[in-house]
Amino acid sequence: MIDWLGIDHLFELSGGEAVLGFLTPLFVCLALFAAHMILPARRVSGYVVNRETGAPLKYRLNGLLVFVVAHIVWWFELTGLPRDWFYRSTMYAIAGGFVIAVVATTLLVFTEPEGEQKNRFLAWWFGRAQELQYFNRRFDMKMYFYLVGGTMFSLNAWSGAYWHHENVADTNPGLYLYVAINSFYLLDYFVFERVQLYTYDLIHENIGFKLVWGGPFVWGWMFLVPLWGLAPVSDPGFSTGWTNVWLIGSALLFFTGWAIGRGANLQKYSFKRWPERKFLGFIEPEYIEAGDRKILCNGFWGPARHFNYFGEGLYAISMGLVWGHFTNLWAWTYAIFIISFFVPRQIEDDKRCAEKYGPEKWAEYQERVPYRIFPGVY
């Protein structure tokens, strides 16, 4: 089965290497925790309110610095591990990450007071606490999860590119573009790390297995599923002209999706902080008042209620096209995941927003912005 899938090269570690691969996520989490706590950071206020004081929660942000330092350590092999180690140890690391997530979730959930959810499994899965901060609020658990996930997503991608370079004679330029695009996406994430404080996960998600497993390990290791099956595959063999069309087209589609997703999140961030300020200096905010809350309904939030998800969808499609092997199912695994994730999520988003703003005001917004994700279609 593994041979047929084309991922047998990811199960070739010796006994000692397999143990090290299994423990790699633990060492990574500890190293990034130390870097996050030691390296200088800026303290900023977020959107979530401290329930004890009523003031916005404070966060230490140094993700960009940690991200850069981690890549320097990887490139110069300062840990003693070869550059292709993260890629070669992928399957063993996922197993180790799963164990870490199970243990960490159990500790994080069942040391918190029982909430409204009485079913212990559902409480374990979805979590009890919305925010967990430690060390005099120097350390925020959610932002740490995304620090690990984003950093490892990039390092795993570069590690796979290095393995491809060393093991495939006729290398695929699409693979290098895939890594470059994702690295840009992740670098952009850390440059605008503060925007994450105003997103769904930070505002609504509780800290349970879904987030403990998803933030650091699914994002950090498993979002790279296409690389597992396509790192051993050669250049698709197009002519020079079609190669340019394929690579430039994939890059343009990615940047279109990125511009929509980033623009939507930045506009929401700007609106929450400065409700009357023009976005980008010329987009006058239009909104529906719902008591002391406001529903933004123009700019990037005019074409669809979850237009940022449309941007994520374009990004996912570009991730399928970039390989040049259009009929290979491995190329489309990420797109399949993203579509299956965001379609039900926007339904949950609508339910939460109806509760937050009131059913009448939300219905008014739905009438003004009738499409959910894809303008004119859905």
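Structure summary
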| quantity | calculated |
| --- | --- |
| Nitroxide proxy distance, nm - points 7 Å out along Cα→Cβ at Ser234 and Phe135 | 5.0 nm |
| Extension reserve of the Ser45-Phe76 stretch, reckoned as 0.36 nm per residue once the Cα distance is removed | 7.6 nm |
| Loop GluC sites (Glu not before Pro), segment 216-297 (other Cβ atoms within 10 Å of the site Cβ: 12 or fewer; DSSP) | Glu276 |
| At R0 = 51 Å, FRET efficiency that the Cβ-Cβ distance of Cys297 and Ala18 yields, to 0.05 | 0.45 |
| In sequence order, calculated HN-Hα J values of segment 298-303 (Karplus, 6.51, -1.76, 1.60; Hz; x Gly/Pro) | 9, x, 6, 9, x, x |
| Percent RCO, i.e. relative contact order, over segment 71-186, from Cα pairs under 8 Å lying at least 6 residues apart | 29 percent |
| DSSP H segments from the chain that extend 15 Å or more along their own axis, Cα-based, with Kyte-Doolittle mean of -0.5 or above | 15-38, 63-75, 90-110, 141-167, 173-191, 240-273, 307-321, 333-357 |
| For Phe139, distant residues with modelled amide H under 5 Å away | Tyr134 |
| FRET efficiency, 1/(1 + (r/R0)^6) with R0 45 Å, evaluated for Glu289 and Leu5 via beta carbons | 0.25 |
| Overall dimensions of the chain by Cα: Rg and Dmax, Å | 21.6, 64 |
| The chain, relative contact order [Cα under 8 Å, separation at least 6], % | 16 percent |
| Residue-span extension gain [Glu348 to Ala259] - 0.36 nm each, minus C-alpha spacing | 29.6 nm |
| Two-decimal ratio, segment 257-376, of alpha-carbon radius of gyration to 2.2 N^0.38 Å | 1.19 |
| Cleavage-rule hits (chymotrypsin sites (Phe, Trp or Tyr not before Pro)) in segment 120-164: DSSP loop, at most 10 neighbouring Cβ within 10 angstrom | Phe135 |
| Stretch in the chain that is longest and holds no trypsin sites (Lys or Arg not before Pro) that DSSP places in a loop and that have at most 11 other beta carbons within 10 Å | 119-378 |
| Nonlocal amide H pairs with Tyr47, under 5 Å, H built at 1.01 Å | none |
| Cα-Cα P(r), segment 151-287, percent of pairs per 10 Å interval | 10, 30, 31, 19, 9, 1 |
| Backbone N within segment 191-210 under 18 Å of label point (7 Å from Glu355 Cα along the Cβ vector) | 199-210 |
| Pair Ile339, Arg194: separation of 7 Å Cα→Cβ label points (nm) | 3.8 nm |
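Each value in this text was obtained by applying a stated rule to the coordinates, not by laboratory testing. Quantities reported herein were computed from a predicted structural model and do not represent experimental measurements. Note that each Cβ is placed from the backbone with ideal geometry, even for glycine, and that neighbours are counted across all protein chains shown.
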